[in-house]
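Just so you know, all these numbers are worked out from the coordinates, no wet-lab data involved. Model, not experiment: these values are computed from the prediction. Ideal geometry is used to build each Cβ from the backbone, glycine not excepted, and the neighbour counts take in all protein chains shown.
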Amino acid sequence: MPELPEVENIAMGLRQSILGRPIDKVACFSPVIIKGSRSEQWQSFLATFAGRSITSVTRRAKRLILATTDQRALVFQLGMTGKFLLKQRSDDRHKHTHLVFSFPGDQELHYVDTRRFGRLWLFDCLDPQHPDAAMEAEGMGSLGPEALRLTSNRFHALLDSQRSIKTLLLDQTRLTGLGNIYADESLFASGIHPARSSRRIGSEEATTLLRQIKGVLRRAIRAGGTTFSDFENAYGDIGRFRKRLKVYGRQGEPCRSCGGPIERIVLAGRGTHICPRCQPQDP
DNA sequence: ATTTCATCCTGGAGGC
DNA sequence: TGCCTCCAGGATGAAA
């Protein structure tokens, strides 16, 4: 499930593998994944990539932006299982390959998304450094600030809501980048119970939580992300952060801090992993 | 206005 | 073995 660290690693891989390389052709086998005002003309839009190259690969929130020098852009929201894989022309195409970029020399880049929760938007003009207004105009929804760029004052102000702190951390209109794994990990690292009311998090706790969020995200980026079910980067590498997870997916196993059993509860419809001793409900 | 909830989709797990 | 049911999970849009 690509969250910020996984998308960041995908972006780094694509910069190494396809940046500046002329494209022979972009083919789409599942136009249903294409959204936005240009989706009806997807064939003519994708045809314009022939002979051109991707000159910019950037990340905004969990979205991946591939852009040309004249700011024509593809924006991918990878959903649960979206990924890119480098292939040879002779390789078998995956059952759920939706898009194929062909490069000279028989190399291909496949966009694969098993569960098809991922979406692709087409842009005639998008500044990859400042994409927010254009993306919003295309109906992609508004995005909060990047988790890694937040200051603690601004973060504390964002917490003014009666929802639970975990629900808030997952709300991409408040802050962007966290998904289920890193929300649970950050809350554990901060000793905060995920069901606690967001607005009852004090400024000191908020500072701690933000520091832990950034630390968890940075370590996960360095480790190549987390592979839980099927994340892999363009080269087929899996993420090494999984073995460093402290609560996510560890229900029944001993807490690495106090030794007590990790529990799994359901919060906001999401599996939520806690150490009840290290994360008291009523601090 | 704010918050909750069903929906999308497939493969893997578990029951029998 | 194989069939069946259940479930995870990000984002969205409708409902409360």
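Longest span of chain A, sites excluded, free of chymotrypsin sites (Phe, Trp or Tyr not before Pro) in DSSP loop with at most 14 other C-beta atoms within 10 Å?
After excluding every exposed loop site, the longest remaining stretch is A:118-234.
Taking a ≥ b ≥ c as the square roots of the Cα gyration tensor eigenvalues, the range A:46-149 comes out oblate, since a/c reaches at least 1.5 and a/b does not exceed b/c.
A simple spin-label model places the labels of residue A:21 and residue A:146 2.6 nm from each other, with each point 7 Å out along Cα-to-Cβ.
Checking the cross-link pairs A:25/A:243; A:25/A:95; A:83/A:243; A:62/A:95 against a 29 Å limit on the alpha carbon distance flags A:25/A:243 as lying beyond it.
Give, in nm to one decimal, the length gained when the segment between residue A:38 and residue A:163 is fully stretched (0.36 nm per residue of separation minus the Cα-Cα distance). Mind showing how you got there, number by number?
Working: separation 125, 0.36 × 125 = 45.00 nm, distance 3.63 nm.
Extra length from residue A:38 to residue A:163 when fully extended: 41.4 nm.
Within a Cβ distance under 11 Å of residue A:256, other residues only, what is the Lys/Arg minus Asp/Glu net charge?
On the way: positive: A:244, A:246, A:250; negative: A:253.
Local net charge: +2.
What percentage of all Cα-Cα pairs in chain A are separated by more than 25 Å? Working shown, then result.
On the way: 19392 of 39903 pairs.
In whole percent, the long-distance tail amounts to 49.
Placing unit charges on each Cβ (+1 for Lys and Arg, -1 for Asp and Glu) gives the range A:223-283 a dipole about its Cα centre, and among A:260, A:236, A:281 the Cα reaching farthest toward its positive end belongs to A:260.
Could you please report the charge total around residue A:137, scoring K, R as +1 and D, E as -1 over all other residues with beta-carbon less than 15 angstrom from its beta-carbon? Walk me through the intermediate numbers first.
Numbers: positive: A:35, A:38, A:60, A:63; negative: A:124, A:127, A:132, A:136, A:138.
Neighbour charge sum, excluding residue A:137 itself: -1.
Put in line by how crowded their Cβ is, counting other Cβ atoms within 10 Å and starting with the fewest, A:148, A:64 read A:148, A:64. Taking label positions 7 Å along the Cα-Cβ direction at both residue A:90 and residue A:229, the computed distance is 3.4 nm, reported to one decimal. List residues of the range A:236-265, by number, whose backbone nitrogen lies under 14 Å from a label position 7 Å along Cα→C-beta of residue A:277. Within reach of a label on residue A:277: A:252-263.
I need the calculated FRET efficiency for the pair residue A:12 and residue A:240, taking r as the beta carbon distance and R₀ as 22 Å, to the nearest 0.05.
0.95
Can you give the charge dipole size of the range A:93-171 about its Cα centre, rounded to the nearest 20 debye, using +1 on the beta carbon of Lys and Arg and -1 on the beta carbon of Asp and Glu?
Details: 9 positive and 11 negative charges, 106 e Å.
Once rounded to the nearest 20, the dipole reads 500 debye.
Remark: the range A:147-274 is approximated by an ellipsoid whose semi-axes, taken from the C-alpha gyration tensor as √(5λ), come to 23, 18, 13 Å, largest first.
Within the range A:55-78, name every residue whose backbone N is under 11 Å away from a label modeled 7 Å from Cα of residue A:137 along the Cβ vector. Of the residues in the range A:55-78, none has backbone N under 11 Å from the label point off residue A:137. Rounded to the nearest 500, what is the 222 nm mean residue ellipticity of chain A from helices alone, with -39500 (n - 2.57) per DSSP H run of 4+ residues and division by all residues? The per-residue figure over chain A is -7500 deg cm²/dmol.
Considering only A:208, A:173, A:221, the residue lying farthest towards the positive end of the dipole of the range A:147-274 is A:208, judged by Cα position with unit charges set on Cβ. A Förster radius of 51 Å, combined with the Cβ-Cβ distance separating residue A:200 from residue A:130, puts the computed FRET efficiency at roughly 0.90.
Charges were assigned to the Cβ only: +1 to each Lys and Arg, -1 to each Asp and Glu. The resulting dipole of chain A about its Cα centre is roughly 660 debye.
Using only side-chain charges placed at the Cβ, +1 for Lys and Arg and -1 for Asp and Glu, the dipole size of the range A:31-78 relative to its Cα centre rounds to 260 debye.
So what's the gap between the Cα centers of the range A:144-178 and the range A:1-54, to the nearest angstrom? The range A:144-178 and the range A:1-54 have Cα centres separated by 29 Å.
Please give me the summed charge of the neighbours of residue A:126: other residues whose Cβ is under 13 Å from its Cβ, Lys and Arg +1, Asp and Glu -1.
Computed value for this residue: -2.
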